[in-house]
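Here's the structure, in structure tokens; my notes come after.
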Amino acid sequence: MASFETNGILKVKKETQQVSDKFSKREFVITTDMTTQYPQYISLQLTQDKCALLDNYNVGDEIKVSFNLRGREWNGPE
């Protein structure tokens, strides 16, 4: 699993969503490259007990995010 880190400004902080009895998620967006003409907006998601990590941050705060990339092989619409 690939592990990465980035810094950015918290742009959007959504509420925690209870998807099922055993699964919850919280989405947020950070803005990076603010010094360029084309800043980048990165959408990320916290799950389970990690959802509370955003409670101490407000929109506009600078944050450092550590994240893992995961995915599955795409097999087409067949």
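Descriptive notes on the structure:
- Residues of segment 19-36 satisfying the condition of being surrounded by fewer than 12 Cβ atoms within 10 Å (Cβ to Cβ) and assigned to a strand (DSSP E or B): VAL19, SER20, PHE23
- The one condition from (1) closer than 16 Å to PHE67 by Cβ; (2) of a type outside the set (A, V, I, L, M, F, W, C); (3) open to solvent by less than 50 Å² (accessible area, probe 1.4 Å) that PRO39 does not meet is (1).
- Filter result (part of a helix (DSSP H, G or I) and open to solvent by 90 Å² or more (accessible area, probe 1.4 Å)) within segment 42-72: ASP49, LYS50, LEU53
- GLU15 satisfies every condition listed in (1) assigned to a strand (DSSP E or B); (2) acidic (Asp, Glu); (3) open to solvent by 60 Å² or more (accessible area, probe 1.4 Å) except (1).
The values are calculated or read from the model by the stated rules, or taken from the named source; none is laboratory data. Values in this document were obtained by computation on a predicted structure and should not be read as measured data. So basically every Cβ, Gly included, is an ideal-geometry build from the backbone, and we count neighbours across all protein chains shown. For accessibility, only protein heavy atoms count, side chains too; no ligands or nucleic acids. Shrake-Rupley method; radii C 1.70, N 1.55, O 1.52, S 1.80 Å.
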